[in-house]
Every structure is written in structure tokens, then in C-alpha cells.
Amino acid sequence: QVQLVESGGGLVQPGGSLRLSCTASVKIFSFYIMGWYRQAPGKQRELVATVTSGGTTNYADSVKGRFTISRDNAKNTAYLQMNSLKPEDTAVYYCNYRPLVGEYWGQGTQVTVSS
């Protein structure tokens, strides 16, 4: 069973930055997609960004140019660098890991953007 441990959430002022980390409890497979999703109160969970094992990235239009997803295969970890944060980025952020078979979610980390 794969467990994903997220960290790095918190309270930040508009325009600030946060870096989220997601570490898998086991060695990740050679072929996978890792991603970050978020869910704001009263809204559906939405895609934020994904990265493949080969390094191909994909972003939601709302975060392009502000967020950067990356991964470190040796550390079984994915990162989400969030810059120029806006109040509308406030949500619970979830890590997602999809190897060739199966799908795993982290427990979520709260990100609050407020002055």
C-alpha cells in the first residue's frame, strides 16, 4: 500500500509563496504521473498540475505562470512551488500518484491565502 505524505501548507498573504511536498512511502515506479489537485469549500476537486516520470508537465490555466510542479525520483517526492498566491488559491491541496496500475491520494494540506 502506497502512502503519500504532504507538507508545506499554511497561511500566507496575497502575493506570497509556498512550497508543497509530497513523498511516497515506497519507491515510485519508473512510469507514473504525479499531480496536485485542490478543493475549495463548496467546490469540486480540480486539477492544479501534473508531472510525468519523464518530466512532462501540465497546468490548470488558473495557475500557469505562477505555480511550478517538479519531481525528484530519487527521493520519491513531488513538489509544487506556488508563487504570487491569490485568495482564490485557498483550498485543501491533495497529492495524487498514478503508476501503471492503481491510484493513490494524500490526506491533503490546507493552503490559506489571506491578509
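The values are calculated or read from the model by the stated rules, or taken from the named source; none is laboratory data. From a predicted model like this one, the values you see are computed outputs, not experimental measurements. Counting neighbours? That spans all protein chains shown, and the Cβs are built from the backbone with ideal geometry, glycine included. The protein model used for the area step is the full one, side chains on, heavy atoms only, and it has no ligands, DNA or RNA in it. Shrake-Rupley method; radii C 1.70, N 1.55, O 1.52, S 1.80 Å.
The condition (being more than 15 Å from the chain's Cα centre (by Cα) and either at pLDDT below 95 or not aromatic (Phe, Trp, Tyr) (or both)) is satisfied by just one residue among Leu20, Leu47, Leu11: Leu11. Scanning the stretch 40-51 for residues that are at negative phi and open to solvent by 40 Å² or more (accessible area, probe 1.4 Å) yields a total of 6. Here the stretch 53-94 is the region considered, the condition is being open to solvent by less than 10 Å² (accessible area, probe 1.4 Å) and of a type in the set (Gly, Ala, Ser), and the residue that is farthest from Glu6 (Cα to Cα) is Ala91. For the stretch 95-115, the set of residues classified as in a strand (DSSP E or B), open to solvent by 40 Å² or more (accessible area, probe 1.4 Å) and not basic (Lys, Arg) consists of Tyr104, Trp105, Gln110, Thr112, listed by residue number. Is it true that Tyr37 is in contact with a Leu (Cβ under 6 Å, 6 or more places away or on another chain), modelled with pLDDT of 95 or more and either surrounded by 14 or more Cβ atoms within 10 Å (Cβ to Cβ) or not polar (S, T, N, Q) (or both)? Considered against the rule, which asks whether it is in contact with a Leu (Cβ under 6 Å, 6 or more places away or on another chain), modelled with pLDDT of 95 or more and either surrounded by 14 or more Cβ atoms within 10 Å (Cβ to Cβ) or not polar (S, T, N, Q) (or both), Tyr37 comes out as yes.
Here is a check on your reading of the model: is Ser30 over 12 Å from the mean Cα position of the chain (by Cα) and of a type in the set (Ser, Thr, Tyr)? Against the criterion (over 12 Å from the mean Cα position of the chain (by Cα) and of a type in the set (Ser, Thr, Tyr)), Ser30 qualifies.
Looking at the stretch 76-89, which of the residues that are polar (S, T, N, Q), over 13 Å from the mean Cα position of the chain (by Cα) and at pLDDT 95 or above is farthest from Met34 (Cα to Cα)?
We begin by selecting, within the stretch 76-89, every residue polar (S, T, N, Q); these are 76-77, 81, 83-84.
From what is left, the residues that are over 13 Å from the mean Cα position of the chain (by Cα) are 76, 83-84.
When the remaining residues are screened for being at pLDDT 95 or above, the result is 83-84.
Values: Asn83: 20, Ser84: 23 Å.
Looking at the filtered set, the residue picked out is Ser84.
From Asp72, Asp61, Asp89, grab the single residue that is within 16 Å of Ala40 (Cα to Cα) and of a type outside the set (S, T, N, Q).
Working: Asp72 fails: within 16 Å of Ala40 (Cα to Cα); Asp61 fails: within 16 Å of Ala40 (Cα to Cα).
None of the other options fit; the residue is Asp89.
Under the condition of being farther than 15 Å from Gln81 by Cβ and open to solvent by 20 Å² or more (accessible area, probe 1.4 Å), the residues counted in the stretch 3-34 number 13.
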